[in-house]
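Some notes on the structure that comes next.
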Amino acid sequence: MFTWGAVKFNTLGRPYLRKDEFIPTLISGEKIYQNFRNYQMKYLVYNDLYEEGDDNQRLGEEKLDFDAFDLKYQQIIITPEQMEDPDSSIDPIQRLDIKIIKIFSSENNTAFLDNFGNLYMAGQGNFGQLTLSPDTKGEEVRDNGKLPEDFVYLEDEAAQTRTLFTHSPLYLPINIDVKFKSVALGAHHVVAITTEGTPYSWGKNTEGQLGLGYASKFVSRPQEIEEISLKVFKMCAASNTYSAMLSEADGELWVFGTAEHGCLGINDIKSNYDVLAPKLVNDLDPIIYIACGPQHMACITKDGKILTWGNKNNGRLARPDDDVTLLPGEAKYDDTIANVKFKQVACGYMHTIALDGEGYIWGCGAKAYAGQILAYFCR
């Protein structure tokens, strides 16, 4: 597993890196193993599994003190053969049969998903992205003294601001009861889908981007999105102020959050509006893939077409003939190439790229991002 790019808030998941990384560099399996051991040998468990002052303990575990972030620890057993075989030449992470199978990133966080459906997070936690409360006061941290070594906690009392981030991928408490198959990161929030297809969200919620039916500063404990919890989902996507979910059986697209330039695609009159609970994007053919950009969105239909909507500036939608782009519409591509079927798409700041069935990459949008100013998809 390799990472590279800006080192802000240690989103690269490499401890104590102090400068931007321009070359793909291996993340140490030993370090991931140490985090796995620190946080999974002592599972982080939410304090609502216990009642303060109540001697009844869940499953009979030994009751331990709260740490600075209102979490508890629960011991689990891993065999000595798995953990401490001194003669083994196998990487420690491999002894536990853990393999990172998917990686997700945003400007403030990087998430890692392993083959067991466990989610690890590196980077910032100022809005609860790490599933730890960012409202913890500095004196609680100092008095408690239980902050793991890879956490950095900075407090500016004069400005009344706190900054929390972790140097290395953190094993999240939600993994104890829930396993994931798809994850998406916004600027300060997370949406995810469990292996059963249930939608979850947590993090910043000032624009309703968590789909919980209300807006708030943050939500640090992962919440099931009840409005659509009876549906089965296979994929999610997120941007700064909104999120999207793709259903498994019928390829429906559900969106929620704050639309800028009509990026939610559900209002043909307004370009800026709020959707606090998930809403279905109507009149779409079955969808197989979705992507969110800061001010535009794209998806791929079952028959391989690309649909785009939102901010059309710089040609990012590949819809040069459409004056109004508040609703989904088919993107144009170089028609000198016949029978193109797309299978993946990604939305950038002012551009869009797509992958076709033959492995070719196509792009449209601003020159600095797509190679030149392109008003329609070219490969």
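Values computed for the structure shown
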item	result
Summed side-chain charge close to residue 292 - residues other than residue 292 whose Cβ falls under 14 Å, Lys, Arg +1, Asp, Glu -1	-2
Separation of the residue 302 and residue 361 label points, Cα + 7 Å toward Cβ, nm	3.1 nm
11 Å beta-carbon shell around residue 179, net charge (K/R +1, D/E -1)	-2
Within-13-Å neighbourhood charge of residue 250 [Cβ basis; K, R +1; D, E -1]	0
Net length gained if the chain between residue 268 and residue 336 were fully extended (0.36 nm per residue, minus Cα distance)	21.3 nm
Greater than 25 Å apart at Cα, pairs in 279/302; 279/341; 181/343; 99/204; 99/234	279/341; 99/204
Length gained when the stretch residue 349-residue 230 is fully extended (0.36 nm per residue, less Cα-Cα span)	39.5 nm
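Where a number appears in this text, it was derived from the coordinates with a stated rule and is not lab data. Small disclaimer: the values here were computed from a predicted structure and weren't measured. Note that we place each Cβ from the backbone using ideal geometry, even for glycine, and neighbour counts take in every protein chain shown.
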